[in-house]
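Structure record follows, encoded as structure tokens.
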Amino acid sequence: MPKHSGTIFKSLTDASGPTLVRQVEKLLLQAIIEGKIQLGARVTEAGYARQMGISRAPLREAARLLEQRGLLITKPGRGFFVRKYTTKELDDIYSLRLCIEEFAVREAIKKASDEDLSRLQAQRNRLVKAASSRSRHKSVEEDIRLHEMLVAATGNDLLRRMFDVMAGDLLILISRLADLEVDAKIVAKSHDDWLQPVLARQNKKAQVAIHDHIYDAWQDLRSRLDLLTAP
């Protein structure tokens, strides 16, 4: 991934109000996903706040929100840093993801309404469209959203909350796959391998396909440990 220097953020047009911290949180996360702030890099509070045209206080609050989600870490006396993933952490995330989504496929096939399945198909179309854009952030967001909707289609609120805990990590980790020189359109359409059996309520075929889909992504990430492992 190329290194970025200089100006990362534009000045905010609306730098006031109760949503300011959430705006800044979203911008910081987007910059991490797009590689403008690299894994392991320090969040330079003063510089980023100056670029956004805000004080350091809301930027620090936004950084704390990302820290609560496990996406930033604090080093005493040095500030916030973007988390880097150890091999164990990657394995923990993806082994749990496999369990959640294999269960979600089985439950969604049994319990999802026809309207739920139609929404999954519509989201798949949004993902394919986003993959044709120049925004890696948008494509990754739509990818995660499709999987979130699969989990939601089970009607299991606890399962949904468990997936939400991982969502931030997945946004960052899946963005790393863009560095493997894989065509985003091919990645987007690969979701059909598991989605079409789900839509047809073919449980066995869908189970195998969702396992392969997630496992392949896991191994791709493992093959690029230089992007993920802590020094």
Highest GNM mean-square fluctuation among Thr154, Thr44, Thr13, for the chain with Cα springs under 10 Å, belongs to Thr13
Heavy-atom accessible area with a 1.4 angstrom probe orders Asp91, Asp164, most exposed first, as Asp164, Asp91
Env charge @ Leu90, Cβ radius under 12 Å, K,R +1 / D,E -1, value +2
Calculated from DSSP helices alone, with each H run of at least 4 adding -39500 (n - 2.57) and the total divided by the residues of the chain, [θ]222 nm to the nearest 500 comes to -21500 deg cm²/dmol
Judged on accessible area alone, 1.4 Å probe, highest first, Arg97, Arg83, Arg42, Arg22 line up as Arg22, Arg42, Arg83, Arg97
Rounded to the nearest 10 Å², the 1.4 Å probe accessible area of Ser139 is 20 Å²
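With only Lys, Arg, Asp and Glu charged, each at its Cβ (+1 for the first two, -1 for the last two), find how big the charge dipole of the stretch 41-159 is about the Cα centre; round to the nearest 20 debye. Numbers along the way, then the final one.
On the way: 23 positive and 17 negative charges, 163 e Å.
In debye, rounded to 20, the stretch 41-159 gives about 780.
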Note to self: with every protein chain in place and a 1.4 Å probe, the chain gives an accessible area per residue in Å² of 51 Å²
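In whole percent, how big is the carbon plus sulfur part of the accessible area of the stretch 1-115, probe 1.4 Å, protein atoms only?
Summing carbon and sulfur atoms, their accessible area is 51 percent of the total for the stretch 1-115.
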Per the 1/(1 + (r/R0)^6) rule, R0 = 30 Å and r from the Cβ atoms of Glu102 and Ile73, FRET efficiency to 0.05 is 0.50
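The values are calculated or read from the model by the stated rules, or taken from the named source; none is laboratory data. Being a predicted model, the structure only gives us computed values, none of them experimental. Glycine gets a Cβ as well: all are built from the backbone with ideal geometry, and neighbour counts include every protein chain shown. For accessibility, only protein heavy atoms count, side chains too; no ligands or nucleic acids. Shrake-Rupley method; radii C 1.70, N 1.55, O 1.52, S 1.80 Å.
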